[in-house]
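In what follows, a structure is listed as structure tokens, so that the remarks can point back to it.
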Amino acid sequence: MSFLPPGAYKPAVDHWGSFQKLSKRLPEGSLAVVDKTVVGFHPGLIPALEARNPRAIVQITGGERAKNFASLEKVLSESLSLPRSGTLVVVGGGTLGDVATVAAHLLKRGVRLVQVPTTLLAAVDSSLGGKGAVDLTLRGRVVKNPVGVFHYADESWICPELFTSLSEDQHREGAIEAWKMVVCLDGPLFRRYMRKAPALDKLVKDARRLKESVCSQDPYEQTGLRRVLNFGHSFGHVLESLSRFKLSHGDAVGLGMLCALDVGRAMGVTPEKVATQVEEALKQGPGVLGRDRIASLIRRTPLGDVVELLAADKKAGKSGELRMILLTAIGSFEILDVSEATWRNLWPAWKQGIRP
Ligand SMILES: NC(=O)c1ccc[n+]([C@@H]2O[C@H](COP(=O)([O-])OP(=O)(O)OC[C@H]3O[C@@H](n4cnc5c(N)ncnc54)[C@H](O)[C@@H]3O)[C@@H](O)[C@H]2O)c1
Ligand SMILES: [Zn+2]
């Protein structure tokens, strides 16, 4: 008998198979949160859920704009009759997964959560690791994830047929987050990927194994180890915000990794050869966007806005210093404070879309 409350860390439990088959695992009377867009592509989802006699099926159109208090309230208000022993299942990408994680944490002070990631990004990253959050709008600009919880899923269902409706862009965005983990954590695997591009299932399995290994050692982000998962995210989040979320999270992180490689080189932490190899791999592998995209996003941005966005980022140190994950080699990293002067020096080159 386990005395762990719902949502407490436990090693990830993954089930692979069709949604039709795995949905039979869902206890009757559960609450389902489903991305409406996904339902459009996979009409069999709703009948499979209905067969489990759910309390309610809440359909929300996924997307960064849905990652807010309005969606959270919608889920919570449909869930009031869910008992504390109940289950919330979320079928969607990272945005609905994050909202549902917060809801599962708040409902009755915590109910059981099942994650069914429908984007590659959610499969390799967001559906694992217990984090959920909603965004806030600050003076007209969206600040990502300032309000959140840790609430680990009881299990995840990986249903490869759900990924068939993803576009090429969505594949790239997810692959970028998977490569992020390989680049920082597993040199030998990186070299294998360079020799032969991994199949989708393998990419998902490898990324989930790497992420789980980090989360198991630092489930509540206390030792600092987990920060490695934020490689590329400091400037990634800035770019995402400056684009007003027209740039997807995955693509923003891809460009943010290029910025992190530049910062690492400028500080003498990332060897030139490593930075060149990783940048090339990110282009060849997942297909990171070109540096011209960084330029077009920051060309007209006052530096003051960037300073503010970086400071609002919750990865900042105690006195607001910028703390970044920098590669020391492929498969290893350091977490270091970066002075404002360091990234300001790189800004003119970034603004022109060239490698500093
Ligand atoms: N909690 C975490 O640890 C963590 C980690 C990484 C990212 N995130 C968050 O995840 C979010 C990004 O996740 P995302 O890229 O999955 O975004 P998303 O949920 O917005 O999905 C992207 C788009 O794809 C659509 N979609 C979803 N599944 C689909 C399918 N099977 N076929 C076709 N279209 C589909 C959605 O409706 C949406 O329009 C960000 O908010 C980010 O902050 C969280
Ligand atoms: Zn991310």
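Please treat every number below as a calculation from the coordinates, not as lab data. Everything numeric here is computed off the predicted structure, so don't read it as measured data. FYI the Cβ positions are ideal-geometry reconstructions off the backbone, even for glycines, and counts take in every protein chain you see.
Using a 10 angstrom cutoff on alpha carbons, build the Gaussian network for the chain and name the most mobile of L96, L336, L239. Among L96, L336, L239, the largest GNM mean-square fluctuation belongs to L336. Within region 63-159, the trypsin sites (Lys or Arg not before Pro) that combine a DSSP coil assignment with at most 13 other C-beta atoms in a 10 angstrom radius are R84, R139. Computed over the alpha-carbon pairs of region 56-194, the distance histogram in 10 Å steps reads 12, 39, 34, 13, 3, 0 percent, short to long.
On a per residue basis, the convex hull of the C-alpha atoms belonging to region 145-285 measures out at 138 Å³.
Only aspartates and glutamates eight or more places from K351 in sequence, or on another chain, were considered; those with a Cα closer than 19 Å are E240, D251, D262, E279, D292, D305, E308, E340.
Listed peptides 297-305, 55-63 appear in the order 55-63, 297-305 once ranked by packing, highest mean of other Cβ atoms within 10 Å at the front. Short to long, the 5 Å bins of the Cα pair-distance histogram for region 225-356 hold 2, 11, 22, 27, 22, 12, 3, 0 percent of all pairs. Of the Cα atoms belonging to the chain, the radius of gyration and Dmax stand at 19.9, 60 Å. Write down the percent of antiparallel bridges among all DSSP beta bridges whose residues are both part of the chain, to the nearest 5. The antiparallel proportion sits near 40 percent. Note on region 209-270: percent of Cα-Cα distances in each 10 Å bin, starting at 0 and stopping at the bin with the largest distance, equals 23, 36, 36, 5. In this rough spin-label picture, where each label sits 7 Å from Cα along the Cβ direction, the S167-T223 distance is 4.1 nm.
Remark on W16: its backbone amide H falls under 5 Å from those of I158, a criterion applied only to residues 5 or more positions apart or on other chains, H modelled at 1.01 Å from N.
On the principal axes of its alpha carbon atoms, region 247-301 extends 29, 26, 16 Å, with the longest extent given first. Just round it to a whole percent: the fraction of Cα-Cα distances in region 161-212 exceeding 12 Å. Considering region 161-212, 65 percent of its Cα-Cα pairs are separated by more than 12 Å. Annotation note: trypsin sites (Lys or Arg not before Pro) in region 221-263 located in DSSP loop regions with a Cβ neighbour count of at most 12 within 10 Å are R244, K246.
Summing charges over neighbours of R208, with a neighbour being any other residue whose Cβ is under 14 Å away from its Cβ, gives -3 when K and R count +1 and D and E count -1. Which entries of K74/K205; K67/K180; K10/K246; K211/K246; K10/K196 show an alpha-carbon separation above 29 angstrom in the structure shown? Beyond 29 Å: K74/K205; K10/K246; K10/K196.
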